[in-house]
Amino acid sequence: MSSLLSSELRKFVAPEFVFGIGARKQVGQYAHNLGAKRILVVSDAGVKKAGWTDETVDILSQEGFECTQYLDVTPNPKAEEVMNGVNLYNEAQCDAIVVVGGGSPIDCAKGISIVAGNGGKILSYEGVDTVPFPGAPLLCIPTTAGTAADVSQFAIITDSSRRNKIAIITKSIVPDVSLIDPQTTLTMDPFLTACTGLDALTHAVEALVSNAHSPITDLHAIKAIELIAKNIEKVIQTPDDLMVRQNMTLGCLEAGLAFSNASLGAVHAMAHSLGGYLDLPHGECNAILLDHVMAFNFKDAEKQFDHIAKAMDLEVKGFTTQQLRTSITGEVDRLRRSVGVVRSLGELGVHRTDVGELAGKAIQDPCLLTNPRPAIKRDIEVIYEEAL
Amino acid sequence: MKRRSNKKSQQELRDGVLGLGQKSMRKSYYSQLRRRMDELEQYRGLLNQARDAICLVDMDSLSLVDCNDGAKKMFQLHSDKDTPPPTLLEIIGENHEKIITEWLSQSDEAKNDSLEIEAERTLAGGEHIFILLSLSRAVFADIKHIVCVGHDITARRNAEIALQNSHAELENRVKERTRELAHSNKELEAFAYSVSHDLRAPLRSIEGFGQILLDDYHGKMDDEGKQYIKYMQEGCLEMNALIDGILALSRSTRGEIHIEELDLSSLAQNIVQTLHNTEPERKVTTAIMPGLTCKGDSRLIKTCLENLLGNAWKYSSKKPHTQIDFGTKEEDGETIYYIQDNGDGFDMNSVERLFQPFKRLHTNSQFEGNGIGLATVKRIIERHGGRIWAKGEVGIGATFNFTLLAAAKKS
Ligand SMILES: [Fe+2]
């Protein structure tokens, strides 16, 4: 465990959360706590099909809440989807939002919450610390163990007119309550399970090596890496094992608590750029980029990489720095291939000619502010090229 | 320099990412809540400043939910946690139940209409107040409410009552004066009647003894004396006619009138015949429309025609050939009777004096008369609900028009 390197302040914000099997069924009580009467239930077609949305609506209806469902949310939620949700929220005179789903519905719900409480257009809140007033009360039931959007201060919204993803980063949008129930992750298919697991691993790694990490975030990040490294292959082999699912879900939560407070790094900066430019799945992009960025960052956060090796249970005694780096990045690369995420960026359709523009956007991303090694545009281009 | 400011903004951005930005440092529901509560307190303060009563009432149970200080004062409400809140009807009076129930059951489109009621209350101190209540519907927190605003209109109402009282008093006074006036009018008429009547007897003895003087003392008087007695007798005749006129005028406004169907044509014919008999030497042509009828008092209408036809006869005496017409015409659905002559007429500038008693347009040397006839005619016509007016031109003739409300149409 490292001590604080500077006299900088550190802050830790987390929502009230309930973790465990059956946690989702507390939704009625928590909706009462938020003083709600009419609730906008945000979800998407896949989650609805799996039955989680209807179950939540049933519980809320039995408790006497009026529910309005909003399901028109796509992966990488668009600004207009947020604004449509805001209109529905206002039309139905809602006073709280319950979101059931993965990262996309949660980010969309965060957007609706911001605009419902502050007015205006969602794209005008792009950037850091831009939301002046608390948004509409937001209660999350995450159904994918990965993004940890249900505990984080991040919302990523796609501006389809500019082919760009905008990041809204502020403690104002940390949800009010999260009901984290491992059972909901049972319905994820193997590839989605792998991608979200690797996204969570990226969160933990980036938070751990972040130049804004702290003893508290380290605690969560290290625990997250341990849990994910130990369980990610098992969850692919035995997807119905609830204990394994619970470990993965806990790993994702720990990673979320870490990155929401220590922030992220170059992997996410570059993945955001890819997601906005080519609408590529977030988790897969992270997985492909992770070992390349770790190699790039290694010498600026050696001490933190020691923790990573330990957490991944790697035998590194007596290793040189070079050996340590190769061992860790090798293990990360092996894990991703082992869980079935084998494509390169090139295979996803990224061309060498795209690299310049991708790097240009990534260099603007606020995630880069906490990357341990300062990067210039050329550095980013090189990493993209390595991952092609 | 530029690089440094860039570095500074990068630092600010990084602080924001770490949750140390100004806006997220400020984020707190408590400060928001405090602000809203201060606003609410401010609103309540404003509501309590109002002298009007403002009450919030639950629509289903009609029980009072909340009210301002004005309402507590106006309705003498005491907040007491142990007793249930009063209902709207208890506050404003049970007698308004029906109108409120009706208003609440109105159709959807009428639901924006507010209801205005006037209520009265006697306060504990004995003061009686009038209140104008305005009720409207409102939904707060999904619950239907009635907002009831009460405005004290005691001062206005008292002023209205005072005004009504003084109106009534004024009316009484006018009635009393009218009664007094009618009484003295009657007395005056009775006086005129009895005076005129009582004057006849002495007048008759003056005239009679004058005649005896002329008959029995014919030889004992010189011619001058006889002439004086003649003047005296002429004066007696003149006075007698004056008394007749005053009596007719008096009769025209006194006593009951008996309405019956009258044959005006033959009535006029008789009068004209009588006039012919008095002056058979005059060349007079009369054209009386046949079949003229009316409803009226025979005695009074006869007086009326006698005067009008008599005037026509009299004031055309200087013409070598007199023409008198009596008939009717229809104007605006109204029957108008007219009596027209080709006599001396009159100056229209003096038309107003025509119907006033004792105001003659001509001197006695021109035409004989006492100026009572037309005044009498006017009173008779008016007693029959009609009106009379005249047109004349000096040297050409005069036309008298009149209507009778009860006039029968020409058959
Ligand atoms: Fe992520």
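The values are calculated or read from the model by the stated rules, or taken from the named source; none is laboratory data. The model shown is predicted, which means the values in this text are computed figures rather than measured ones. Here the Cβ is made from the backbone with ideal geometry for all residues, glycine too, and neighbour counts use every protein chain on show. When the accessible area is computed, the model is the full protein with side chains, heavy atoms only, and any ligands, DNA or RNA have been set aside. Shrake-Rupley method; radii C 1.70, N 1.55, O 1.52, S 1.80 Å.
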**OP:** Give A:Leu278, A:Leu274 a once-over and let me know the one that is modelled with pLDDT under 95 and away from the ligand (no atom under 13 Å from the Cβ).
**Re:** A:Leu278
Subject >> Unique match (being part of a strand (DSSP E or B) and open to solvent by less than 20 Å² (accessible area, probe 1.4 Å)) among B:Leu262, B:Leu247 >> reply: B:Leu262
**OP:** Scan the range A:51-107 for residues that are assigned to a strand (DSSP E or B) and at positive phi and report the count.
**Re:** 1
Subject >> Matching strands (runs of 3 or more DSSP E) fully within the range A:135-183 where at least 3 residues are within 16 Å of the ligand (Cβ to nearest atom), among the polar types (S, T, N, Q) and surrounded by 24 or more Cβ atoms within 10 Å (Cβ to Cβ) >> reply: none
Original post:
So which residues in the range B:78-101 are farther than 19 Å from B:Ala124 by Cα and either part of a loop (DSSP other than H, G, I, E, B) or touching an Asp or Glu at 6+ places or on another chain (Cβ under 6 Å) (or both)?
Top reply: B:Lys81, B:Asp82, B:Thr83, B:Pro84, B:Pro85
Original post:
Considering the range B:250-259 alone, what residues qualify as being open to solvent by 20 Å² or more (accessible area, probe 1.4 Å) and in contact (Cβ under 8 Å) with a residue 60 or more places away in the chain?
Top reply: B:Thr253, B:Arg254, B:Ile257, B:Ile259
Original post:
Just checking, which of A:Gly111, A:Gly120 is over 25 Å from A:Pro190 (Cβ atoms) and surrounded by fewer than 23 Cβ atoms within 10 Å (Cβ to Cβ)?
Top reply: A:Gly120
**OP:** Out of the residues in the range A:256-271 that are polar (S, T, N, Q) and within 13 Å of the ligand (Cβ to nearest atom), state the one that is farthest from the other protein chains (Cβ to nearest Cβ).
**Re:** A:Ser260
**OP:** Can you work out which of the residues in the range A:220-255 that are touching a strand residue (DSSP E or B) at 6+ places or on another chain (Cβ under 9 Å) and open to solvent by less than 30 Å² (accessible area, probe 1.4 Å) is farthest from the other protein chains (Cβ to nearest Cβ)?
**Re:** A:Thr249
**OP:** Quick one: A:Pro374 ticks every box in (1) part of a helix (DSSP H, G or I); (2) open to solvent by 30 Å² or more (accessible area, probe 1.4 Å); (3) within 14 Å of another protein chain (Cβ to nearest Cβ) except a single one, so which number is it?
**Re:** (1)
**OP:** Could you please find all residues in the range A:185-215 being away from the ligand (no atom under 14 Å from the Cβ), within 17 Å of the chain's Cα centre (by Cα) and under 27 Å from A:Ala96 (Cβ atoms)?
**Re:** A:Thr185, A:Met188
**OP:** Hey, could you check the range B:142-171 for residues that are over 35 Å from the mean Cα position of the chain (by Cα) and open to solvent by less than 60 Å² (accessible area, probe 1.4 Å) and say which is farthest from B:Asp58 (Cα to Cα)?
**Re:** B:Gly150
Original post:
Given the structure, is A:His282 in contact with a strand residue (DSSP E or B) (Cβ under 9 Å, 6 or more places away or on another chain) and open to solvent by less than 50 Å² (accessible area, probe 1.4 Å)?
Top reply: yes
**OP:** Looking only at the range A:102-124, decide whether some residue is within 20 Å of A:Val13 (Cα to Cα), away from the ligand (no atom under 16 Å from the Cβ) and in contact with an Asp or Glu (Cβ under 7 Å, 6 or more places away or on another chain).
**Re:** no
